[in-house]
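What follows draws every value from the coordinates through simple rules; no lab data is involved. All figures in this text were calculated on a predicted structure; none of them were measured in a lab. Reconstructed Cβ throughout: ideal geometry from the backbone, glycine too, with neighbour counts over all protein chains shown.
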Amino acid sequence: MCVGLQGKVIKIRKGTAVIDADGAKREVSVQLLDDLEPGDYVMVHAGTAIAKITDDDENEMNSVLDGLL
Amino acid sequence: MSERLSARDIITSYHGKKLRIMEVCGTHTHEIFRLGIRQLLTPEVELISGPGCPVCVTPAGFIDEAIWLALEKHVTICSFGDLVRVPGSKMSLAGARAQGAKVQVVYAPIDAEEYAKAHPEEEVVFLSVGFETTTPSSCIAVQQAIEDGISNFALLTANKTMPSAYHALKDYVDVYLYPGHVNAITGTKLCESLVDEGISGVVSGFTANELMTAIACAIKKSEEGKPFFVNAYPRVVTREGSVEAQKLVASMMDEIDTEWRGLGVIPKSGLKLNEKYAAYDARIKFAIPPMEGRSNTACRCGEVLQGKIKSPECPLFGKACTPLHPVGACMVSGEGACSAYYTYGNVRNDNNE
Amino acid sequence: MNDTVTLAHGAGGEQTSELIERVFKKHFSNPNLTADDAAVLMPPKGRMAMTTDGFIVSPAFFPGGNIGKLSICGTVNDLSCMGAKPLYLTCSFVIEEGFSMEKLEEIAAAMEKTAAECGVQIVAGDTKVAGKGQVDGVFITTTGVGEIVEGVETSGTKAAPGDAIIVTGDVGRHGCTILLARDEFGIDADVTSDCAPLWSAVQGIIEAAPDVHVIRDATRGGVGTVLYEIAGQSQVGIRLNQTDVPVQPQVKGVCRMLGLEPLYLACEGRLVVFVPAEEAEKVVEALKATPYGKEAAIIGHVTEENVGRVIMTTEIGTQSVLPKPGGELLPRIC
């Protein structure tokens, strides 16, 4: 139900940040997240950063599958 | 890692007992079709598309309300693009636009607020649909309107929450693929507690790797024979979720009973702005009269959404109802089960050519 | 001269003459440009191709071009797709009262430059001025004739099983540029329109493969729409390798942001080419030697099965149908 956009934080203002997704940039609200720094990756939905992204999906896949054993 | 099977191996080699997995989220439905993931599945695994597309479950009456605002009150309607072609009782917003309604497609609720600020001579209403993931963005837009001191902005709410659907559909499903971006907001505690009620599920992300991993988890854990929960999207979803978002929504919205297109009224499954923010509630602000939306009676979207029938079993599917001329909401949104079926559904599995 | 176009400029009197002298004659001057009611021309030697196209882009100026350049490219490219060397064009302007004279001249200058680049002459024109609000800025219609290179016979019905499918460059840039230029979604990206006259590319193609089956420019509706058109016209199936379709990263980024498919974004300087498989590499090499074919790539092939459909091989090696083009492009959240 919710298209998420992975983007890199490139500039932080008060309550908002400019994020970059492969060269497409847009200002989004970051008021739901604390301690954000330029260079962090976030998941954006409908103009709001909803979560920090802490890993890539390849590592994630490996750790999740390892956890199954 | 040679001793461990890959996610793909787990999926393609499963021949255990029959497993029904429901992807609740419309974006999952879309990605599963787009990536052709069904072709990897053995006959023992069935993927069912659930009700997790906010456009699909938005009732006709909601569209009627928006059209009434646009045509009777000359309000500028700001909306996500997905909603523009959803049929109301008589017409869609696209149809209303042809009759002079002003409909502005926006990327985000905050853009609607900005539009209102830039156009003080217009009354602007944002069509606030969506689940837990989207609702905070609408709340932020209202906060911004307050901060900017503008009074020409309001929400027409149809925001919904997922948990009631997990209960409502549990008898049709063995394992849920939980909607990762809803869980990013809500955390995973609720899903963990569903295990005690015998409801199993895996939180899934949206890439090919993540979807395959989640399905592999569903298969492996099911083999253990007891209810389970796995967070297979830990790079985004934490146990706590976004506490900020939870607080924000709780401070601005009240829980209400609400209608889901095709499913009827589900108690406590919706949200509206609370009294404190009544000035930003379009229903109060414009005294919208009650509207009983009418949908085509032959349309079986409701059963599709519950996973009771597959889209092609509906008599309208592909005949009266196509993506260009949708009758039911499941055909309108690119994420609706019917639209996905129509678009991608009948690819022959010629993977072994 | 006034700095905006007025209704008097369209009334046929002195001011009309002034507008023609100072804008159009200045930029379109060539021996065949008529001052009479119609241009008098020598007929082409062989078979002739003729086409017309209307242009109403908003905004009229965008990174990589303007409506003037577009109006030449559109018609030149349509002729080129038939294997026809563009010879003559006519152009008809409908200008909104109050339109900037300077902008109009900029448009005419872009037309001059683009026409010169592909060796086509503008031989006749017409100007109408419409009242404020009756048109949006300026609308241009161009009509063109070209001479078909002997032995070349392209048609949308000629795609055959086994044919390789080539695009002449990365897809979707024009559509993406216009979307961004309208500034409705608050997105910034460094994207420039691919708008270009493609006769040189077609020359490269037909020199390498005179028996080329189909050449089509992927304008409105993008490459995806062209593929569906050809699959239908030729009654064949199309197999596309998703990962081989060249798309600029920033175009991909914008598409991901708005939930759009790059294959359905308009191009104004890209061809989709169907050639017998054994000639495909040669054609790609030839294209790479032309100014607008540097990113040419083979993106798929024609199949006997799945008639009328475009099937993609996905990033995980499965098959998926390319969704059919439909309706207006709507960004989606869900």
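Per-residue Karplus couplings for segment C:103-111, computed as 6.51 cos²θ - 1.76 cosθ + 1.60 with θ equal to phi - 60°, are listed in order as 5, 4, 5, 4, 5, 5, 5, 5, 5 Hz, Gly and Pro entered as x. For segment C:17-31, putting each phi into the Karplus relation 6.51 cos²θ - 1.76 cosθ + 1.60 with θ = phi - 60° gives couplings of 4, 4, 4, 5, 4, 8, 10, 7, 4, 4, 9, 9, 3, 6, x Hz, in residue order, rounded to whole numbers and with x for Gly and Pro. Close amide H partners of A:Lys25, meaning residues 5 or more places away or on another chain with modelled amide H under 5 Å apart, are C:Asp188, C:Ala189. Looking only at segment B:242-273, which residues have a backbone nitrogen under 15 Å from a spot 7 Å from the Cα of B:Ser89 in the C-beta direction? None, by backbone N distance to the label point.
Taking amide H atoms as placed 1.01 Å from N in the peptide plane, the amide H of C:Thr303 lies under 5 Å from those of C:Gly162, C:Gly237, C:Ile238, C:Arg239, each 5 or more residues away in sequence or on another chain. With both residues required to sit in chain C, DSSP beta bridges show an antiparallel share near 75%. Within straight-line reach of A:Lys8, meaning a Cα separation under 17 Å, sit the following lysines at least 8 residues removed in sequence or on another chain: A:Lys25, A:Lys52, C:Lys252. Counting only the Cα atoms, chain A fills a convex hull of 105 Å³ per residue.
Sparse packing (at most 13 other Cβ atoms within 10 Å of the Cβ) combined with a DSSP loop state is found for the following trypsin sites (Lys or Arg not before Pro) in segment C:102-194: C:Arg182. Take the cross-link list C:Lys158/C:Lys294; B:Lys17/B:Lys221; C:Lys45/C:Lys158; B:Lys18/B:Lys308; B:Lys160/B:Lys272 and give me the ones stretching past 21 Å between alpha-carbons. Pairs exceeding 21 Å: C:Lys158/C:Lys294; C:Lys45/C:Lys158.
Which links in B:Lys73/C:Lys132; B:Lys310/C:Lys324; B:Lys73/B:Lys117; B:Lys170/B:Lys220; A:Lys14/B:Lys285; B:Lys226/B:Lys268 stretch past 23 Å when you go from one Cα to the other?
Numbers: B:Lys73/C:Lys132 28 Å; B:Lys310/C:Lys324 21 Å; B:Lys73/B:Lys117 19 Å; B:Lys170/B:Lys220 20 Å; A:Lys14/B:Lys285 31 Å; B:Lys226/B:Lys268 29 Å.
Listed pairs above 23 Å: B:Lys73/C:Lys132; A:Lys14/B:Lys285; B:Lys226/B:Lys268.
If the label point is 7 Å along Cα→Cβ of B:Lys117, which residues in segment B:140-167 have backbone nitrogen under 19 Å from it? Label zone hits: B:140-155. Close amide H pairs (under 5 Å, H built 1.01 Å from N) link C:Gly169 with C:Leu271, C:Ala297, residues at least 5 positions away or on another chain.
Counted over the protein assembly as shown, the DSSP beta bridges are approximately 60% antiparallel.
Considering only DSSP states other than H, G, I, E and B, which chymotrypsin sites (Phe, Trp or Tyr not before Pro) in segment C:19-66 qualify as loop sites with at most 12 other Cβ atoms within 10 Å? Mind dumping the intermediate values first?
On the way: sites: C:Phe24, C:Phe28, C:Phe55, C:Phe61; in loops: none.
Of the chymotrypsin sites (Phe, Trp or Tyr not before Pro), not one in the loops of segment C:19-66 has a Cβ with at most 12 other Cβ atoms within 10 Å.
Computed over segment B:69-134, the convex hull of the alpha-carbon atoms projects to a mean area of 4.7 nm².
Against the globular-protein guess of 2.2 N^0.38 Å, express the Cα radius of gyration of chain C as a ratio, rounded to two decimals.
Values: Rg = 20.7 Å, N = 334, 2.2 N^0.38 = 20.0 Å.
Normalised Rg, Cα atoms only: 1.04.
Packing around the peptides B:188-196, C:65-73, taken as the average count of other Cβ atoms within 10 Å per residue, puts them in this order, highest first: C:65-73, B:188-196. Taking the 0 to 90 degree range and rounding to the nearest ten, how far is the long axis of helix C:67-81 tilted relative to the main principal axis of chain C, both from C-alpha atoms? Approximately 50 degrees, to the nearest 10.
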